[in-house]
Every structure is written in structure tokens, then in C-alpha cells.
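Note sheet for the following structure.
The values are calculated or read from the model by the stated rules, or taken from the named source; none is laboratory data. Owing to the predicted nature of the structure, the values given are computational and were not obtained by experimental measurement. Neighbour counts are summed over all protein chains in view; Cβ atoms, including those assigned to glycine, are modelled from backbone coordinates with ideal geometry.
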């Protein structure tokens with residue numbers, strides 16, 4: 001049978017690791033999450049709560065949330081219903097599983113389906129998807145300052161020096177990692193600083209407006225917490 005969906009090796013491995021989690025621990029996670037309000041919670045917070053509620057290792061919690069994010073991404077991209085997405089992903093990853101391994105998965109699949117269907121999980125995974133829905137994702141940035149000497153004609157004397165600044169951006173796109181370097185003069189640095197400070201202010205203003213006035217839980221991408229944490 002040809003699987004209906006293509007599944008990455010990482011997702012295969014993550015799902016296989018979930019299969020080995022004790023069923024009672026997953027029930028504990030589900031039961032305690034069902035009592036949480038349907039507010040936006042950061043992925044970091046959700047992973048921490050999964051670890052606490054289920055007495056799991058942090059890496060297990062990360063994989064559990066990662067699988068949830070992958071399932072909801074599949075749903076949003078291909079119009080699946082949650083149950084159908086689970087079924088097709090299971091067909092794709094279980095081709096080489098033993099009967100015993102398949103039976104283990106069937107034991108926890110109803111728990112995972114209900115857990116992934118919780119609004120607090122759906123909202124968090126959707127927020128992550130929206131935050132990263134861009135062709136280019138910045139991974140790191142750095143401003144390098146250099147001193148470049150100006151030599152005499154014979155090269156024996158340094159007669160002057162020039163200070164230069166370069167902005168190095170490391171980002172990933174659909175075809176992999178990239179590096180971009182841009183020369184900046186003093187005016188560029190001042191303008192960049194002003195724009196960064198303005199962006200921080202606008203983000204905080206918008207968050208306060210959405211959270212305090214509109215009463216909508218709001219996540220600023222890159223933050224480790226949201227209002228109410």
C-alpha cells in the first residue's frame with residue numbers, strides 16, 4: 001500500500017518514540033490539560049507542563065508537541081480532519097512496525113487524538129505555524145566591527161585607518177541555510193537601532209492592546225512567556 005502522505009524521518013522517529021511512552025502518563029497529561037483555560041500558551045510553557053503533568057522527560061515532551069504541530073500543519077495544508085490525519089500518518093510510519101508495535105500505538109492513539117484536539121494545543125501549534133510562515137527565517141545575526149589600515153605607497157607605514165561595520169545575517173529558506181553580509185556606516189547603524197527600538201515598542205503596544213483591551217491571548221514571536229503566565 002502506498003502511503004497517502006509523505007512523512008519525514010524525524011517525524012517517523014518522534015512518533016515511534018511516543019509509542020513507547022506509558023499509556024497512564026499520557027492519560028495524566030490529557031486529564032490535566034483538559035482543565036486548562038483555552039488561552040494561548042507558548043510552546044515552551046506547554047512542553048514544561050507536559051513534562052510536569054506526565055512525569056516525562058523534556059525530550060519526550062518536545063517530541064509530543066512536535067508531533068502535534070506536524071499533525072495540525074498537515075490539517076491546515078491539506079484540509080484533513082484530525083482523525084483522518086492520524087490515520088494517514090499512521091499508515092505512512094507503521095509500514096515496518098511489528099504487530100506488537102502497532103498494537104501499542106492503537107492503545108495510545110485515542111489519547112493523542114483527544115489531546116491534540118484540545119483548543120490550547122491547536123491554538124499553540126497554529127500560532128507557531130503562523131509565526132514561521134515566511135520564506136526566509138532568521139537564525140542568527142551579528143554586527144562585526146573591523147579596523148582597516150591605509151598604508152603608504154611602499155606599504156611600510158600605516159598612514160590612516162578606517163572603521164567599518166558589517167551586519168551578518170544567517171537565515172534558512174526552503175533550499176537550506178544562507179548567509180548575507182551588509183556593510184553599514186554610522187548613519188545605517190543609528191537608523192537600524194531606531195527601527196529596532198520602534199519595532200519593540202510597537203510589539204509591546206500591540207500585545208497590551210490585544211491582551212488587555214480585546215482580551216485576546218497574544219504571543220509575540222520569540223518571547224518565552226505571555227500575559228498571564
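Going by what's in this entry, would residue 198 be described as in the same structural domain as residue 149 (by TED's automatic domain parsing) and surrounded by 10 or more Cβ atoms within 10 Å (Cβ to Cβ)? No: the conditions fail for residue 198. If you check residue 159 against the conditions, is it surrounded by 13 or more Cβ atoms within 10 Å (Cβ to Cβ) and either in the same structural domain as residue 216 (by TED's automatic domain parsing) or at pLDDT 90 or above (or both)? Judged against the criteria, residue 159 is not a match. Only one of the listed residues (182, 219) is at pLDDT 95 or above and either under 30 Å from residue 123 (Cα atoms) or outside any helix (DSSP H, G or I) (or both). That residue is 182.
Every condition in (1) over 26 Å from residue 207 (Cβ atoms); (2) loosely packed, with under 15 Cβ neighbours inside 10 Å is met by residue 38 except one, and the failing one is (1).
Going through the range 123-156 one residue at a time, which ones are out of contact with any strand residue (DSSP E or B) (no Cβ under 7 Å at 6 or more places or on another chain) and modelled with pLDDT of 90 or more? Can you show your working first?
Start the filter on the range 123-156 by keeping residues that are out of contact with any strand residue (DSSP E or B) (no Cβ under 7 Å at 6 or more places or on another chain), which leaves 123-134, 153-156.
Answer for the range 123-156, where residues must be out of contact with any strand residue (DSSP E or B) (no Cβ under 7 Å at 6 or more places or on another chain) and modelled with pLDDT of 90 or more: 153, 154, 155, 156.
Residue 144 falls short of the stated requirement of being under 30 Å from residue 13 (Cβ atoms) and out of contact with any helix residue (DSSP H, G or I) (no Cβ under 8 Å at 6 or more places or on another chain). Here residue 148 clears all of (1) surrounded by fewer than 11 Cβ atoms within 10 Å (Cβ to Cβ); (2) farther than 30 Å from residue 192 by Cβ except the condition numbered (2). Would you call residue 121 closer than 30 Å to residue 24 by Cβ and under 19 Å from the mean Cα position of the chain (by Cα)? Yes: the conditions hold for residue 121. Screening the candidates 41, 5 for the property of being in contact with a helix residue (DSSP H, G or I) (Cβ under 6 Å, 6 or more places away or on another chain), at pLDDT below 90 and over 23 Å from residue 107 (Cα atoms) yields one hit, 41.
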